[in-house]
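Enquirer: Quick one: this structure, given as structure tokens, is what I'll be asking you about.
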Amino acid sequence: MEKQLTELKTLLAEVVDLQRSASVLAWEQQTYMPPGGGAARAEQLATLEGLAHRLFVTDEIGALLAELHPAADGWDYDSDDASLVRFISRKYGRERHIPSELVAEIARTTALAQEAWVRARQAADYPMFKPHLQKVLALRRQQAECLAPYEHIYDPLLDEYEPEMKTAEVRAMFAAIKDELIELVHDISARADAVSDEMLHGDFDIELQRAFGLQVAQKFGYDLERGRQDEAPHPFCTSFSSDDVRITTRFNGSFLPSALFGTLHEAGHALYEQGVAPDLARSGLDTGISLGVHESQSRLWENLVGRSRPFWQHFFPQLQAAFPGALGAVDVEAFYRAINRSKPSLIRVEADEVTYDLHIIIRFELELDLLTGALQLDELPAAWNDKYERYLGVRPENDAEGVLQDIHWSTGAIGYFATYSIGNLISVQLLNSAREALPNLDADIAAGEFGALLGWLRENIHCHGSKFTPRELVQRVTGGEMDSRPYMRYLREKYSDIYAL
Ligand code: ZN
């Protein structure tokens, strides 16, 4: 089988090269491309992504997989080769049902939709974006139809981001946390005065913010020889190989947490990608397995580490030195409470840990209704605003702080949002396992030492790339299934302490 395996890897390397080249263009579109470049960029992305897909779903790859798959059953399950055949067979089985022309059309439409979204968000003008969203939604529906039969039309779309996860499981997950979250929001609102975040609003020099955020990201282990940071309208992380993993940030000169925690979040994604084993390069296994697992890494660094007391014991004096005017007279405990202040708000990426998942539940419910046709696009902004009022008690005054705030739908990422909450849940389970292995974890964090934690994550999660499904990965690390209880326990304990509930 050695010959077939080599042939398969050679063909896959070409596919990966094309996909990663498309990622470079997509990154550049978000960071440096002048507004006029949008139409040509859409064609370039359509060509590259269509070509990558065509090269992947060939009969040649199908025949190689048909030979390799039975043989691989006898190989060591954990080996790179067995994992490759398993993972690629599953992906091939899915992708061969989707016409390459549709893949290209989605690339073209979403590249244009992103440009329209940027303009519409600036103008807070949903009708400007609606025709694009209509096209994107129709194409994603069409893609889901290619993958029929399904239990729910959301299933095949979710599967693209979170392999093997079903809509029914997401519903059960949200049912398990929703009421408790709303109750916790309620309990905190009765004690709202206990925490002030006044010192986080003010005048914060953007260059100083940039330097501080990057310095912490590097302390975490983000290697700038193999990465870089740029600005973008919506922060993200993208990988061209484990040796070139880039993050973007959005700066706000008058509110300190936006860029700071955004940077720590994206650095968490970047650490995952930089930690993929070099042996997996150009195989298709050379990236994080799912967006849920990815988000578990970003939220772990952003929140479980970056919003913890030990972390700020170490870093607060440095932050104070950078911003003596705003923070010089603030004590570390007041700062810790301020950055963890929980208050229902409109913008998801700036939401605190308690309210965050309610933002996700809102998008998940809206997406289900859009996909089934229960909700029409004309009704979307009002439905969005109503849900914000019902779940969080706040109502957007315009579409920029409502339905236009996230880039995702313009990129075609419908079926994606649930992975944020999956990530939150898993992040606590994984950190609990890390804690058992690293009894000095809090002392390390308080000393600004992250090598042991990163080493543990590298060994148990990052190095595997896409070798194991999210379920397998959670099982291997925690010995159990994905579970919302540790997450809810973490939130309840942390916020009971902060708000003296
Ligand atoms: Zn993220």
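Enquirer: Of all helices (runs of 4 or more DSSP H) completely enclosed by region 398-501, which ones contain at least 1 residues that are over 23 Å from the mean Cα position of the chain (by Cα) and at pLDDT 95 or above? Show your work before the answer.
Expert: Numbers: elements: 418-437, 441-446, 451-460, 470-478, 485-499.
Output list reads 418-437, 441-446, 451-460, 485-499.
Enquirer: Among the residues in region 220-242, are any part of a loop (DSSP other than H, G, I, E, B), without any contact (Cβ under 8 Å) to a residue 60 or more places away in the chain, surrounded by fewer than 21 Cβ atoms within 10 Å (Cβ to Cβ) and within 16 Å of the ligand (Cβ to nearest atom)?
Expert: Quick first cut of region 220-242, residues part of a loop (DSSP other than H, G, I, E, B) only: 221-223, 232-236, 242.
Subsequent filtering for residues that are without any contact (Cβ under 8 Å) to a residue 60 or more places away in the chain retains 222-223, 242.
Okay, now just the ones that are also surrounded by fewer than 21 Cβ atoms within 10 Å (Cβ to Cβ), so 223.
Cutting the leftovers down to within 16 Å of the ligand (Cβ to nearest atom) gives us none.
Among the residues of region 220-242, not one is part of a loop (DSSP other than H, G, I, E, B), without any contact (Cβ under 8 Å) to a residue 60 or more places away in the chain, surrounded by fewer than 21 Cβ atoms within 10 Å (Cβ to Cβ) and within 16 Å of the ligand (Cβ to nearest atom), which makes the answer no.
Enquirer: Across region 251-274, what is the number of residues that are in a helix (DSSP H, G or I), among the hydroxyl-bearing types (Ser, Thr, Tyr) and either within 11 Å of the ligand (Cβ to nearest atom) or closer than 18 Å to Glu198 by Cβ (or both)?
Expert: Residues of region 251-274 that are in a helix (DSSP H, G or I), as a first pass: 257-274.
Cutting the leftovers down to among the hydroxyl-bearing types (Ser, Thr, Tyr) gives us 258, 263, 272.
Then drop every residue that is not either within 11 Å of the ligand (Cβ to nearest atom) or closer than 18 Å to Glu198 by Cβ (or both), which leaves 258, 272.
Qualifying residue count for the region: 2.
Enquirer: In region 82-109, what residues are over 11 Å from Glu43 (Cα atoms) and among the hydroxyl-bearing types (Ser, Thr, Tyr)?
Expert: Ser83, Ser89, Tyr92, Ser100
Enquirer: Can you list residue pairs whose Cβ atoms sit under 7 Å apart, with the first residue in region 1-21 being among the basic types (Lys, Arg) and the second being modelled with pLDDT of 95 or more? Count only pairs 6 or more apart in sequence or on different chains.
Expert: Cβ pairs passing all conditions: Lys9/Ser283; Arg20/Phe240; Arg20/Ser241.
Enquirer: Of Asp357, Asp286, Asp369, which residue is assigned to a helix (DSSP H, G or I), in contact with a helix residue (DSSP H, G or I) (Cβ under 9 Å, 6 or more places away or on another chain), among the acidic types (Asp, Glu) and closer than 30 Å to Leu473 by Cβ?
Expert: Values: Asp286 fails: assigned to a helix (DSSP H, G or I); Asp369 fails: closer than 30 Å to Leu473 by Cβ.
Testing whether each residue is assigned to a helix (DSSP H, G or I), in contact with a helix residue (DSSP H, G or I) (Cβ under 9 Å, 6 or more places away or on another chain), among the acidic types (Asp, Glu) and closer than 30 Å to Leu473 by Cβ leaves just Asp357.
Enquirer: Residues that are more than 26 Å from the chain's Cα centre (by Cα) and at pLDDT 95 or above: which helices (runs of 4 or more DSSP H) entirely in region 111-213 hold 1 or more of them? Reasoning before the result, please.
Expert: Numbers: elements: 126-146, 154-161, 167-189.
It comes to 126-146, 167-189.
Enquirer: Taking into account only those residues within region 243-290 that are in contact with a strand residue (DSSP E or B) (Cβ under 8 Å, 6 or more places away or on another chain) and among the polar types (S, T, N, Q), which is surrounded by the most Cβ atoms within 10 Å (Cβ to Cβ)?
Expert: Here the answer is Thr263.
Enquirer: Quick check: is even one residue across region 429-439 on the phi < 0 side of the Ramachandran plot and within 16 Å of the ligand (Cβ to nearest atom)?
Expert: Looking through region 429-439, at least one residue is on the phi < 0 side of the Ramachandran plot and within 16 Å of the ligand (Cβ to nearest atom).
Enquirer: Given the condition within 16 Å of the ligand (Cβ to nearest atom), assigned to a helix (DSSP H, G or I) and over 30 Å from Thr10 (Cβ atoms), answer yes or no: does some residue in region 304-326 qualify? Working first, answer last.
Expert: Restricting attention to region 304-326, the residues satisfying the condition of being within 16 Å of the ligand (Cβ to nearest atom) are 304-307.
When the remaining residues are screened for being assigned to a helix (DSSP H, G or I), the result is 304-305.
Keeping just the survivors that are over 30 Å from Thr10 (Cβ atoms) gives 304-305.
Within region 304-326, one or more residues are within 16 Å of the ligand (Cβ to nearest atom), assigned to a helix (DSSP H, G or I) and over 30 Å from Thr10 (Cβ atoms).
Enquirer: Right, something else. Exactly one of these conditions fails for Ala338: (1) closer than 29 Å to Asp155 by Cβ; (2) touching a Ser or Thr at 6+ places or on another chain (Cβ under 7 Å); (3) among the aliphatic types (A, V, I, L, M). Give me its number.
Expert: (1)
Enquirer: Got at least one residue in region 122-136 being on the phi > 0 side of the Ramachandran plot and in the same structural domain as Leu45 (by TED's automatic domain parsing)? Give the steps one after another, and end with the answer.
Expert: Just the residues of region 122-136 that are on the phi > 0 side of the Ramachandran plot, to begin with: 124.
Checking which are in the same structural domain as Leu45 (by TED's automatic domain parsing) leaves us with 124.
Checked against the condition, which is being on the phi > 0 side of the Ramachandran plot and in the same structural domain as Leu45 (by TED's automatic domain parsing), region 122-136 yields at least one hit.
Enquirer: Here's another thing I want to ask about it. For region 275-297, which positions are within 14 Å of the ligand (Cβ to nearest atom) and not β-branched (Val, Ile, Thr)?
Expert: Listed by number, the residues that qualify are Gly288, Ser290, Leu291, Gly292, His294, Glu295, Ser296, Gln297.
Enquirer: Of everything in region 386-397 that's in a loop (DSSP other than H, G, I, E, B) and surrounded by fewer than 19 Cβ atoms within 10 Å (Cβ to Cβ), which residue is nearest to the ligand (Cβ to nearest atom)? Please lay out each step first, then the result.
Expert: Taking region 386-397 and keeping what is in a loop (DSSP other than H, G, I, E, B), we get 393-397.
Cutting the leftovers down to surrounded by fewer than 19 Cβ atoms within 10 Å (Cβ to Cβ) gives us 393-395, 397.
Details: Gly393: 26, Val394: 23, Arg395: 26, Glu397: 27 Å.
Applying the filter and picking the extreme gives Val394.
The values are calculated or read from the model by the stated rules, or taken from the named source; none is laboratory data. Remember, predicted model here, so these are calculated numbers, not experimental data. For neighbour counting, all protein chains shown are included, and Cβ atoms are generated from backbone atoms with ideal geometry for every residue, glycine included.
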